[in-house]
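What follows is one structure encoded as structure tokens, with my remarks underneath.
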Amino acid sequence: QVRIFTFIFFGNYVLSLPAFLDEYKRHRKEKEAKVELFPIVAPEQPPQSLPDVYDPLAGIFGDAKKSKLMFDRQRAWQDSREGQIALGFRSKLPAFQLRSAFLESLSRCQVLVVTGGTGCGKTTQLPQYILESEIDGGCGSSCKIVCTQPRRISASSVALRVAEERGEVLGESVGYQVRFDSVRSRSTSLLFCTTGILLRRLMSDPVLNGVTHVIVDEIHERGLNEDFLLIVLRDVIQRRPDLKLILMSATVDAKLFEKYFLDLNTRCMDIPGFAYTVKSYYLEDVLNITGYKLSMQSRMWKYLRQAPEASDLRAHISEENIVREALNAEDYSNAGEESIDFTLIEKLLCHVCEHGQEGAVLVFMTGWEDISALRRQLRTHPVLGHPSRVWLLACHGTMSPDEQKRIFERPPSRVRKIILATNIAETSITVEDVVYVVDIGKAKEKSYDVATNTACLLPRWISKSSVRQRKGRAGRLKPGVCYHLYPESVFQAFEDHNEPEILRTALHNVCLRIKGLQLGDIQTFLAKAIEPPNRHAVHIAIEFLKVIGALDETEDLTVLGKHLAILPVEPQIGKMLIMGCIFQCLDPMLTIAAALSSRDPFILPVDKREDSNQAKFKFSIGEMSDHLAVVRAFNDWEVCMKHNTASEFCRANFLSMQVLIGMTSMRKQFLSLLQEAGYLDGGLASCEAYSSDPMIVRAVICAGLFPGVAAVVATPGSVTHKTMDGTVVHVHPHSVNARHEESCFPWLVFLEKIKTSNVFIRDSTGISDSMLLLFGGALVSIGQPGHLQMCGKCLEFFMGESEAELFQEMRDLLDELLKLK
Ligand code: CDP
Ligand code: MG
């Protein structure tokens, strides 16, 4: 009885704190109830390894009979007519010339660095060569080749392609695995997976038992996961002399990697590619060709050209900001769109369609938002919008398999294929028939400013090597043309290479992983990176993990930290999910976690911003929460799905059906993950037993998102928001909290600050003092007596002695609770 009483305590005290305090005082005084913690039904330690779904190689063992079977099948396919056709295509790829040299080199070294132009056959062919030769040698079922890809979409599309080339269905000898999705079986010998999946595998199996080959693809991109994986693998291969490591890169910056593995048995090889010449046109030429003048972009460039010689690109960028302000551009986060001149692109595409030779057009945009905005504009064009004359396709990280297929298809003659792509088409996806490339010179890249703890999501200038890559996409079948929508002088100022992600990202996730993988001291470990991050940045990340309760003072994982380290989500989101289990409000937390891990389900069309904002606002009347607005929208959408009215619902409410469907599967995965980890045992915290009390949901959101908190400072006529470090932040115009003139909550919690044209908090939720006080953790201190204030890096609540004591006690209880015993 006492236990249940205590639980109700925890379930409801957020709701009626004064009542609770009275209760609590009375019980303490009368000593009639010993306050006991509600037993949380999680295992004391997280499971050593996650269940099969998260374990890419579980249950795969070689045996001779299976190997013989694979051998026979491979032969039969190679002798068949279809197999001959596939082989015909494959043998035309540049990689084919070096097939035996590659296998020979591989047999003589442990680390092989392979470079080769995009499309020469690295990703689809090299892993396949290894597989084929192992099968030929009778070891088909005992070889385990793991090939990592930086993106989910390339892992699945490449696996499909390779299976096709082998005349198999996906999931036989070739499979793929990405977070939340996999097609593979016990006979899978070649597995394409995301880099994250392999890192996860290392957690339960630090030397990758059974794996014979690890191939790390696209290392030139210098993604955080890849750089991190290389530090780990550098150790693993020394403990596993029989394990082969193959690194594949598109550009010729192989020196850096060669040096990194210098003391090991390392070889390099380059696959010379073929490419036709591609002619470059810069902005001046494009303006001449299209006869287009008075655009904002050209005015901007004119201004830039008049500006004093600036050799440093950063100077250009700040100039651009000045210009943007001068032009009174809207103070909006999608600032990228402002600087892309859609009309210029439209005119150029029109020109190509009317005067160009046969061939597809590939347009590099910055991100999904401007791709869809441009697509909307082009669809209204008499020529470009005509489906019998133009195939207008999009290519980005979240496209559907059908869309993916269309990209590779050849249109009928006289139909022009135009692909609007993100930089995913730069190296990972190769479309053969591209003859024209339009390059706006920018990519939306997330970076992170350590000094201000702010994420930046500004379209940034790409590097010279990216420009070369983009341009090269036009010369696959015949000589091509590349239109750069910036002056040549600006190109000259571009950096040579992209900045490695490890140097421009928040590191808390990586630090948590290092601890989860038991790789020792964080600073020491990260100092072993190819280009180590700044020590201060690492320190900030460690401090952050301490604040959220994942690391203790000695930088060891706390119990909560151990649990967070096995959940494949950002630690804040993981904490929200765990707290959702404890406080029986998992259902909305699953939705919020899914929304925070995917694209915003609310669409924001450039020309209909106000309508879109209105629609979103409707979901949050009285709530002051973007997170709760998503929950409500999602729940309503699910009802509509049952009544087959979901499309209308989405259209009317500016919601993306695709994102919502994606969220549904993410929710399922989160749920099974929590189930497997033991949080939902005993039915006590099951998803159904969902507390519908928005106050509790709010408190749990606070628990997850803290220390992302801003004070709402209302003065007559204006409201400002200030974070704990004193930064003034702006509520994003698309947030429902931008519309509340009078706020009823003194605080807003948010996942991250994002700098675009201003420092914004995007999605936020209003919370009360007591929620912050109880769920805020170590940075919220309780003083006495009086009021509440924010000082330096912490919040101080001043209150009467007895209340302060009570709050302290309750927080201790909560801390105990988070030990998850
Ligand atoms: O990895 P790399 O850039 O060197 O080339 P790849 O991805 O292995 O692609 C080799 C060839 O296969 C390219 O010419 C692609 O056009 C073709 N390919 C395809 O037609 N469909 C796919 N899904 C993947 C590749
Ligand atoms: Mg590739």
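None of the figures in this text is laboratory data; all of them are computed from the coordinates on show. Remember, it's a predicted structure, so these values are computed and weren't measured experimentally. Cβ placement follows ideal geometry from the backbone for every residue including glycine, while neighbour counts extend to all protein chains displayed.
Observations on the model:
- Two-decimal Rg to Rh for segment 517-654 - Kirkwood Rh, Cα set: 1.11
- Here the simple spin-label model places points 7 Å from the Cα toward Cβ, and for Asn288 and Gln808 these points are separated by 7.8 nm.
- Length released on extending from Lys608 to Asp181, taking residue separation times 0.36 nm less the Cα-Cα span: 150.3 nm
- For segment 348-410, with +1 on Lys and Arg beta carbons and -1 on Asp and Glu, the positive-most of Pro387, Ser372, Ile407 along the dipole: Pro387
- Under Karplus coefficients 6.51, -1.76 and 1.60, residue-wise ³J(HN,Hα) of segment 800-805 in Hz, glycine/proline x: x, 4, 5, 5, 4, 5
- In this simple spin-label approximation, Gln78 and Cys794 carry label points 7 Å from Cα along the Cα→Cβ vector, and these lie 7.0 nm apart.
- Flagged links, alpha-carbon separation over 25 Å, of Lys562/Lys722; Lys546/Lys722; Lys405/Lys753; Lys575/Lys608: Lys562/Lys722; Lys405/Lys753; Lys575/Lys608
- Measuring r between the beta carbons of His381 and Lys618 and using R0 = 30 Å, the FRET efficiency lands at 0.40.
- FRET efficiency, 1/(1 + (r/R0)^6) with R0 35 Å, evaluated for Lys446 and Met657 via beta carbons: 0.85
- The alpha-carbon positions of segment 609-648 define a convex hull whose volume is 66 Å³ per residue.
- Taking amide H positions as modeled 1.01 Å from N, with prolines and chain starts lacking one, the residues under 5 Å from Trp391 and 5 or more places away or on another chain are Arg416, Lys417, Ile418.
- Farthest toward positive dipole pole in segment 147-280 [+1 Lys/Arg, -1 Asp/Glu at C-beta], among Gln149, Met269, Thr251: Gln149
- Amide proton proximity set for Glu445, modelled H, under 5 Å, gap of 5+: Leu458, Arg460
- Both radii come from the Cα set of segment 535-601: Rg as radius of gyration, Rh as Kirkwood radius; their ratio Rg/Rh reads 1.04.
- Residues with amide H under 5 Å from that of Phe798, placed H, sequence gap 5 or more: Gly783, His787, Leu788, Gln789
- Cα shape, segment 454-519, gyration tensor, a/c 1.5 rule: prolate
- Rg and Dmax of segment 352-457, both derived from C-alpha coordinates alone, stand at 15.4, 55 Å.
- Across all directions, the average flat footprint of the convex hull enclosing the Cα atoms of segment 450-570 is 10.6 nm².
- Centroid-to-centroid, using Cα positions, segment 80-101 and segment 623-662 are 48 Å apart.
- Spherically averaged projected area of segment 164-256 from its Cα convex hull (nm²): 7.0
- Counting neighbouring Cβ atoms within 10 Å and putting the fewest first, the residues Asp242, Asp285, Asp587 line up as Asp242, Asp285, Asp587.
- Along the axis of the charge dipole computed for segment 424-566 (Cβ charges of +1 for Lys and Arg, -1 for Asp and Glu, origin at the Cα centre), the listed residues Ser428, Cys511, Asn453 are led at the positive end by Ser428.
- Per residue, the convex hull volume that the Cα atoms of segment 505-547 enclose (Å³): 65
- With the cut-off at under 16 Å, measuring from each backbone N in segment 154-194 to a point 7 Å along the Cα-to-Cβ line of Lys68 picks out no residue.
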